[in-house]
Every structure is written in structure tokens, then in C-alpha cells.
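In what follows, a single structure is set out as C-alpha cells and then discussed.
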Amino acid sequence: MPKSIVKVSQKIGEGRGEEGAKYISVKIPKELMDEVDRIVSAGVLGYKSRMEFIKDAVRDKVLRLKAEISDEKR
């Protein structure tokens, strides 16, 4: 794996008690992951892990895109 890429694995449904959850992997540039790690380490916004931060960031992006699409349909 190239040094500039960090592989992140996540168990789908983790923290929700879902049985039979699956894992996914995402490749993120190392510089971006280093920034995430600095935010988590600093305790900014109360994130306790990089995975918690990443899930929140993806969730936020999905909600923003849904809102944007909804606004465009008006």
C-alpha cells in the first residue's frame, strides 16, 4: 500500500447492535488522516476515535447532499 494512503476499515452497523454486520474499507490520503488524528487527539468536538469522526463526517455530507438535492427540486 502506498505511504500516502491509509486504509480504514469499519464494521457496518457497529454500535447499533446489528448482528451479521459487514466490514468496508476506505482509502484516505495520509495527510487527511493525519489531520483527523490531530483533531481526535486534541479532543475537538468530543470525538473519541477516528472512526467516530469519519462516520460523523460521512453522515453530515450525506445529509447536506440530500438537502441540496431537495432544494434543487423546488
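Could you list, in sequence order, the residues of segment 25-35 that are modelled with pLDDT of 95 or more and either under 11 Å from the mean Cα position of the chain (by Cα) or in a helix (DSSP H, G or I) (or both)?
If the condition is that a residue be modelled with pLDDT of 95 or more and either under 11 Å from the mean Cα position of the chain (by Cα) or in a helix (DSSP H, G or I) (or both), then Lys30, Glu31, Leu32, Met33, Asp34, Glu35 are the ones that fit.
Within segment 39-74, can you find the residues that are over 15 Å from the mean Cα position of the chain (by Cα) and among the charged types (D, E, K, R)?
Answer for segment 39-74, where residues must be over 15 Å from the mean Cα position of the chain (by Cα) and among the charged types (D, E, K, R): Lys66, Glu68, Asp71, Glu72, Lys73, Arg74.
What pairs can you find where one residue is in segment 12-33 and over 15 Å from Lys55 (Cα atoms), the other is modelled with pLDDT under 60 and among the polar types (S, T, N, Q), and their Cβ atoms are less than 7 Å apart, with a gap of 6+ or different chains?
Final answer for the pair search is Pro29/Ser4; Lys30/Ser4.
Taking Ser70 as the residue in question, decide whether it is modelled with pLDDT of 95 or more and loosely packed, with under 12 Cβ neighbours inside 10 Å.
no
Every residue, every condition in (1) in a helix (DSSP H, G or I); (2) closer than 18 Å to Ser25 by Cβ; (3) of a type in the set (Gly, Ala, Ser), yes or no:
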{"position": "Ser41", "(1), (2), (3)": "yes, no, yes"}
{"position": "Leu45", "(1), (2), (3)": "yes, no, no"}
{"position": "Glu52", "(1), (2), (3)": "yes, yes, no"}
{"position": "Asp56", "(1), (2), (3)": "yes, no, no"}
{"position": "Lys61", "(1), (2), (3)": "yes, no, no"}
{"position": "Arg64", "(1), (2), (3)": "yes, no, no"}
{"position": "Ile69", "(1), (2), (3)": "yes, no, no"}
{"position": "Glu72", "(1), (2), (3)": "yes, no, no"}
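The values are calculated or read from the model by the stated rules, or taken from the named source; none is laboratory data. Because the structure is predicted, anything quoted here is derived from the model rather than measured. Here the Cβ is made from the backbone with ideal geometry for all residues, glycine too, and neighbour counts use every protein chain on show.
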